[in-house]
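Note sheet for the following structure.
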Amino acid sequence: MICKTVRLIILLVTIAGGMPNLKAGPAISLDLRKTRTNFIVIIADDMAWDDCGAYGHPTLKTPNIDRLAAEGIRFNNAFVTASSCSPSRASMITGRYPHATGAEQLHWPLPRNMNTWVNWLRQSGYWTAAAGKWHLGNAAKRHFDLVAEADTRGFQLPTGVSAEEAALMKQMTAKKNASGCEDWLKVLRSRPQNKPFFLWLAALDPHRDYEDGIIPTPTRPQDVVLPPYIPDHPEVRKDFARYYDEIRRLDSYVGLVLNELEEEGLANDTCVLFLSDNGRPFPRDKTTVYDSGVKTPFVIRWPKGIKPGTVTDSLVSSIDIGPTILKLAGVRGQPGWVQGVSFDPVLKDSTKSVRDHVFAERHWHDFECFGRAVRDGRYKYIRNYYFDLPLTPPADALRSSTYRAMQSLRDEGMLAGGKQFSFKSPRPYEELYDTQSDPHEMRNLINNPRYLSVLRELRVAMEDWRSATRDILPAKRTEDEFDRETGAPQPNRIRPRVPPRRAQYSY
């Protein structure tokens with residue numbers, strides 16, 4: 001019922017307005033005398049939903065992320081709309097699906113006249129700032145009062161830090177492999193004292209490339225927990241251990257932010273959300289629409305509004321973040337272009353539900369692909385439009401020691417059938433999974449007659465969503481940027497810099 005209402009609203013908005021126009025001033029108002037809630041969104045870069053203690057990882061220690069969950073609410077069914085960095089972030093900040101932002105392919109910037117809910121906060125009296133990884137293009141920077149974009153070439157320590165903070169930052173930024181979190185405290189401390197604030201804090205961790213020795217006590221390879229579709233190999237374990245180290249480094253910066261809020265007396269009035277933009281940068285994770293690619297850690301602490309230790313199984317999507325923050329901020333009126341829904345009822349009652357389905361997309365990311373997925377609380381339906389192409393991981397994962405080990409095992413005839421997914425083509429056009437009995441989505445039920453009614457329902461949900469959001473198959477495929485076996489750049493390859501589909505939208 002809820003889903004049908006949401007689909008109708010999306011359809012009416014889409015028909016009426018097309019692409020949101022930045023020039024049109026929103027009819028919004030905010031009573032700052034009554035509303036003083038601050039908001040911080042912390043975004044990990046390529047972190048799987050269950051690679052932290054809060055979601056039950058047995059060996060990966062993340063005390064600060066765990067603290068957020070223990071003192072707030074943990075969402076067990078939160079999803080991003082794309083398992084690709086910049087499209088996922090563009091979707092988050094606009095509250096629209098990637099294909100409806102004009103920035104659905106990797107490294108495409110947001111169009112200049114694409115509005116964001118952050119801009120609504122700013123026009124409502126909030127001070128807005130971003131620090132760390134940006135990845136959204138230059139136009140959207142106008143929606144922030146301050147953007148401290150991450151500079152991985154070096155870092156100048158801010159003034160006024162404690163000896164402990166200075167030592168941690170010096171240690172963590174000594175190598176060229178920076179975390180992207182170095183300016184977080186500096187930006188927090190630079191806020192005006194007479195305004196509520198919104199901070200978009202984006203890490204580079206745990207994105208590749210990886211290095212040894214970035215934290216004092218590195219993860220031991222024997223402490224790695226491998227998913228069942230990845231072969232157990234010494235080089236794979238070393239690769240995962242470095243990935244774990246970057247998560248642990250990120251967790252330390254989360255702790256610095258939480259400590260700063262406590263010291264400044266801001267914790268009670270600040271709503272902190274932690275999530276990831278997509279899954280881990282390994283084969284069958286990042287860029288896929290499996291849960292390992294689009295399911296995200298999603299924990300929120302807001303002492304004034306959320307009961308500690310709350311857990312919910314309600315479905316939420318990353319496009320719901322903006323509508324929720326605007327609602328909690330006291331902004332009267334929601335942007336008409338937003339395709340997400342506010343999940344504030346879930347914060348008050350964890351048994352509440354605001355949506356029946358979540359949707360995810362695959363677009364070009366180093367290699368050509370086009371796929372869609374819809375998921376309810378239990379079942380996942382995937383449609384692979386370019387099923388003739390193998391499930392090649394992104395270029396950084398393809399060049400990794402994990403993938404090289406998989407290639408060697410394949411060549412030696414020692415790679416088990418279920419682990420050969422990256423090399424097989426064609427793939428199924430449709431896939432169906434019971435994520436309750438098969439959480440890693442290893443058993444495709446598409447031809448099982450017992451699940452025919454589930455399949456029909458999810459097919460209809462996908463078609464309704466695609467129609468309502470004007471999701472269309474591109475007229476022409478985009479060339480791969482790299483060789484799918486070696487990862488080497490393709491010679492004479494030209495990738496369009498201006499998205500050809502933008503002309504279809506009415507600005």
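The values are calculated or read from the model by the stated rules, or taken from the named source; none is laboratory data. All values derive from a computational prediction rather than experimental measurement. Every residue, glycine as well, gets a Cβ built from its backbone with ideal geometry; the counts of neighbours run over all protein chains shown.
For residue 148, are the conditions met, namely being outside any loop (DSSP other than H, G, I, E, B), more than 25 Å from residue 314 (Cα to Cα), of a type in the set (A, V, I, L, M) and in contact with a helix residue (DSSP H, G or I) (Cβ under 7 Å, 6 or more places away or on another chain)? Spell out the reasoning first.
Working: outside any loop (DSSP other than H, G, I, E, B): yes; more than 25 Å from residue 314 (Cα to Cα): yes; of a type in the set (A, V, I, L, M): yes; in contact with a helix residue (DSSP H, G or I) (Cβ under 7 Å, 6 or more places away or on another chain): yes.
Yes: the conditions hold for residue 148.
Considering each residue of segment 406-432, count those that are in contact (Cβ under 8 Å) with a residue 60 or more places away in the chain and under 28 Å from the mean Cα position of the chain (by Cα), and give that number. Residues in segment 406-432 being in contact (Cβ under 8 Å) with a residue 60 or more places away in the chain and under 28 Å from the mean Cα position of the chain (by Cα): 5 in total. Test residue 267 against the stated conditions and say whether it is in contact (Cβ under 8 Å) with a residue 24 or more places away in the chain, more than 19 Å from residue 45 (Cα to Cα) and touching a Leu at 6+ places or on another chain (Cβ under 6 Å). Spelling it out, residue 267 is indeed in contact (Cβ under 8 Å) with a residue 24 or more places away in the chain, more than 19 Å from residue 45 (Cα to Cα) and touching a Leu at 6+ places or on another chain (Cβ under 6 Å). Candidates are the residues of segment 368-379 that are in a strand (DSSP E or B) and surrounded by fewer than 24 Cβ atoms within 10 Å (Cβ to Cβ); the one that is farthest from the chain's Cα centre (by Cα) is 379.
With respect to (1) in contact (Cβ under 8 Å) with a residue 12 or more places away in the chain; (2) part of a loop (DSSP other than H, G, I, E, B), the lone exception for residue 461 is condition (2).
Yes or no: residue 219 closer than 30 Å to residue 116 by Cα and among the hydroxyl-bearing types (Ser, Thr, Tyr)?
Working: closer than 30 Å to residue 116 by Cα: no; among the hydroxyl-bearing types (Ser, Thr, Tyr): yes.
Considered against the rule, which asks whether it is closer than 30 Å to residue 116 by Cα and among the hydroxyl-bearing types (Ser, Thr, Tyr), residue 219 comes out as no.
For segment 273-322, residues that are part of a loop (DSSP other than H, G, I, E, B), among the aliphatic types (A, V, I, L, M) and closer than 27 Å to residue 262 by Cβ total 1.
Considering only segment 81-128, state which residues are small (Gly, Ala, Ser) and more than 19 Å from the chain's Cα centre (by Cα). Listed by number, the residues that qualify are 124, 125.
Please go through segment 373-393 and give me each residue that is small (Gly, Ala, Ser) and closer than 12 Å to residue 459 by Cα, ordered by number. Steps first, please.
Here is the first cut: in segment 373-393, the ones small (Gly, Ala, Ser) are 373, 377.
Answer for segment 373-393, where residues must be small (Gly, Ala, Ser) and closer than 12 Å to residue 459 by Cα: just 373.
Restricting 74, 112, 96 to residues that are closer than 25 Å to residue 352 by Cβ, part of a loop (DSSP other than H, G, I, E, B) and either out of contact with any strand residue (DSSP E or B) (no Cβ under 8 Å at 6 or more places or on another chain) or at pLDDT 95 or above (or both) narrows the list to 96. Which ones in segment 397-418 are assigned to a helix (DSSP H, G or I), buried (at least 18 other Cβ atoms within 10 Å of the Cβ) and out of contact with any Gly (no Cβ under 6 Å at 6 or more places or on another chain)? Residues satisfying the conditions are 397, 402, 403, 405, 406.
Filtered by the rule that a residue be at negative phi, more than 9 Å from the chain's Cα centre (by Cα) and of a type in the set (Gly, Ala, Ser), segment 40-80 gives 48, 53, 54, 69, 70, 72, 78. Going through segment 323-364 one residue at a time, which ones are within 18 Å of residue 278 (Cβ to Cβ) and not in a loop (DSSP other than H, G, I, E, B)? Residues satisfying the conditions are 358, 359, 360, 361, 362. From the list 303, 345, 308, the lone residue that is surrounded by fewer than 18 Cβ atoms within 10 Å (Cβ to Cβ) and free of Cβ contacts under 8 Å to residues at least 40 places away in the same chain is 345.
How about segment 440-456: which of its residues are in a helix (DSSP H, G or I) and farther than 23 Å from residue 292 by Cα?
Of segment 440-456, the ones in a helix (DSSP H, G or I) are 449-456.
Scanning segment 440-456 gives 449, 450, 452, 453, 456.
Checking each residue in segment 324-341 for being in contact (Cβ under 8 Å) with a residue 12 or more places away in the chain and surrounded by fewer than 21 Cβ atoms within 10 Å (Cβ to Cβ) picks out 327, 328, 330, 332, 333, 336.
Among the residues of segment 43-88, the ones that are of a type in the set (A, V, I, L, M) and more than 19 Å from residue 250 (Cα to Cα) come to 4 in all. Taken over segment 441-479, the criterion of being modelled with pLDDT under 95 and in contact with a Pro (Cβ under 9 Å, 6 or more places away or on another chain) is satisfied by 474, 475, 476, 478. Checked against (1) at pLDDT 95 or above; (2) buried (at least 24 other Cβ atoms within 10 Å of the Cβ); (3) more than 26 Å from residue 365 (Cβ to Cβ), residue 83 meets all criteria but (3). Checked against (1) touching a helix residue (DSSP H, G or I) at 6+ places or on another chain (Cβ under 9 Å); (2) among the charged types (D, E, K, R); (3) assigned to a loop (DSSP other than H, G, I, E, B), residue 383 passes all but a single condition, namely (3).
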